[in-house]
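Chemist: Once you've had a glance at the structure underneath, I'll fire off some questions.
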Amino acid sequence: MESNGGGASPIRREIETLKEERARIEQRISFLEAQLQEEASLAPQQQQNDGVCNGFCPSETSTVDANLAHGLSADSIYRYSRHLLLPSFGVKAQSNLLKSSILVVGAGGLGSPALLYLAACGVGRLGIVDHDVVELNNMHRQVIHTEAYIGQPKVKSAAAACRSINSTIQIVEHKQALRTSNALEILSQYDIVVDATDNAPSRYMISDCCVVLGKPLVSGAALGLEGQLTVYNYKGGPCYRCLFPTPPPTTACQRCSDSGVLGVVPGIIGCLQALEAIKIASDIGEPLSGRMLLFDALSARIRIVKIRGRSLQCEVCGENTTFNQQQFKELDYEKFTQSPLSTA
Ligand SMILES: [Zn+2]
């Protein structure tokens, strides 16, 4: 028996070595396959851009000159040239983006990256709603703010950051808490709404307001080490209430300020919110409507799950609903969800 055991050991070692070799070879094959795919996808573009240098040069100008009918200025053509070179984006999508208006509610962990990218990519008019001030203990995730702005309104700090990235777009500051008394007036000024808040009453209020006004809503949430993302009220898709007709118990309504959050998690979800808003504004791709993205930081896993469609019984967007602007204004969302709109 002993000799068998002793003999098995070198065999096991050889098996382990061979397995490691196999893993290395498989890794190398995957790498080469990815490289091959990348070369194949670049080939048509390279043919199209034959003779075009990496920097911005006259031949690039001539490619987009033909599309000046879309109304892009010379500055915009230069600034957004890498967007314009994308076959699936191009001048039309950029032009749509420049004509669009997007409102981001909340300049915190989700709003920070969303606002930075929306400003950089050339959304024509970008609105920011926030009533809070910049605080040191939030800066690990609210990356749009700098230490120089501690104690100052977040909306002011965020707007300054957006303007320093892109001085050619319009930035609108709404330094107030979103309430039923002002939500209709503020949201009606924009094409798309991004919910970057962190509490249940705000989610219901923003979703209901978007339904009443017929605006698509890009909704994101991040808590602890997990995040989620979806698009509501888009082209016949569900609203927040279709999915959650009754508010969760208050004990389940955790917020970052109470439960903690790894800073980069809302950063990732906020970037994805910007992406979905850009897709809707520029009319490219398939926005994440009727589906939900679930992100788990620890396992580095992203899953897309199908969610229910529009509910005919939904109290706000359903078939026989009479929900209107007046009812919206009269609804007490704090009472409805039994949790406060803000901690401030
Ligand atoms: Zn609904």
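The values are calculated or read from the model by the stated rules, or taken from the named source; none is laboratory data. Owing to the predicted nature of the structure, the values given are computational and were not obtained by experimental measurement. Heads up, the Cβs are rebuilt from the backbone with ideal geometry, glycines too, and the neighbour counts pull from every protein chain shown.
Chemist: Could you check segment 286-317 and list, in sequence order, the residues that are out of contact with any helix residue (DSSP H, G or I) (no Cβ under 8 Å at 6 or more places or on another chain), surrounded by fewer than 17 Cβ atoms within 10 Å (Cβ to Cβ) and either part of a loop (DSSP other than H, G, I, E, B) or among the aromatic types (F, W, Y) (or both)?
Modeler: Within segment 286-317, L298, S299, A300, L312, Q313 qualify.
Chemist: Tally the residues that are more than 20 Å from H131 (Cβ to Cβ) and either among the charged types (D, E, K, R) or buried (at least 24 other Cβ atoms within 10 Å of the Cβ) (or both), restricting the search to segment 164-209.
Modeler: 2
Chemist: While we're here: Is there any pair linking a residue in segment 317-334 that is charged (D, E, K, R) to one that is in a loop (DSSP other than H, G, I, E, B) and surrounded by 10 or more Cβ atoms within 10 Å (Cβ to Cβ), with Cβ under 6 Å and at least six apart or on different chains, and which?
Modeler: Going by the 6 Å Cβ cut-off, the qualifying pairs are E319/L312; E334/P340; E334/L341.
Chemist: Test Q326 against the stated conditions and say whether it is at pLDDT 95 or above, more than 16 Å from the ligand (Cβ to nearest atom) and crowded, with 17+ Cβ neighbours inside 10 Å.
Modeler: Numbers: at pLDDT 95 or above: yes; more than 16 Å from the ligand (Cβ to nearest atom): yes; crowded, with 17+ Cβ neighbours inside 10 Å: no.
Spelling it out, it is not the case that Q326 is at pLDDT 95 or above, more than 16 Å from the ligand (Cβ to nearest atom) and crowded, with 17+ Cβ neighbours inside 10 Å.
Chemist: What are the pairs with Cβ atoms under 6 angstrom where one residue, in segment 124-137, is free of Cβ contacts under 8 Å to residues at least 24 places away in the same chain and the other, located anywhere, is crowded, with 17+ Cβ neighbours inside 10 Å? Sequence gap at least six, or different chains.
Modeler: Hits for this filter: V133/P153; V134/H145; V134/Y149; V134/K154; V134/S157.
Chemist: Still on this model: Being crowded, with 17+ Cβ neighbours inside 10 Å and closer than 21 Å to P201 by Cβ: is that true of I269 here?
Modeler: Values: crowded, with 17+ Cβ neighbours inside 10 Å: yes; closer than 21 Å to P201 by Cβ: yes.
For I269, the condition - crowded, with 17+ Cβ neighbours inside 10 Å and closer than 21 Å to P201 by Cβ - is met.
Chemist: Of everything in segment 290-310, what is within 16 Å of the ligand (Cβ to nearest atom) and either within 24 Å of A183 (Cα to Cα) or among the β-branched types (V, I, T) (or both)? Give them in sequence order.
Modeler: Once the filter is applied, which keeps residues that are within 16 Å of the ligand (Cβ to nearest atom) and either within 24 Å of A183 (Cα to Cα) or among the β-branched types (V, I, T) (or both), segment 290-310 yields I307, R310.
Chemist: Restricting to segment 173-231, count the residues that are in contact (Cβ under 8 Å) with a residue 40 or more places away in the chain and at positive phi.
Modeler: Final tally of qualifying residues: 1.
Chemist: While we're here: What number of residues within segment 216-245 satisfy the criterion of being more than 13 Å from the ligand (Cβ to nearest atom) and not in a strand (DSSP E or B)?
Modeler: Of the residues in that region, 3 qualify.
Chemist: Any idea which of P287, P266 is touching a Phe, Trp or Tyr at 6+ places or on another chain (Cβ under 6 Å), modelled with pLDDT of 95 or more and more than 16 Å from the ligand (Cβ to nearest atom)? Break it down stepwise before answering.
Modeler: Working: P266 fails: touching a Phe, Trp or Tyr at 6+ places or on another chain (Cβ under 6 Å).
Within the list P287, P266, the selection yields P287.
Chemist: Among the residues of segment 212-230, write down those that are closer than 18 Å to S188 by Cα and either buried (at least 24 other Cβ atoms within 10 Å of the Cβ) or among the charged types (D, E, K, R) (or both). Can you show your working first?
Modeler: The initial filter retains those residues of segment 212-230 that are closer than 18 Å to S188 by Cα, namely 212-219.
Across segment 212-230, the qualifying residues are K215, L217, V218, S219.
Chemist: Give segment 157-176 a look and list any residue that's in contact with a helix residue (DSSP H, G or I) (Cβ under 7 Å, 6 or more places away or on another chain) and of a type outside the set (A, V, I, L, M), or say none.
Modeler: Matches in segment 157-176: S157, C162, N166, T168, E173, H174, K175, Q176.
Chemist: Can you give me the ranges of the helices (runs of 4 or more DSSP H) entirely in segment 61-153 with at least 2 residues that are within 30 Å of N182 (Cβ to Cβ) and in the same structural domain as C210 (by TED's automatic domain parsing)? Explain how you work it out, then say what you get.
Modeler: Numbers: elements: 74-79, 81-84, 90-99, 111-121.
Here the list reads 90-99, 111-121.
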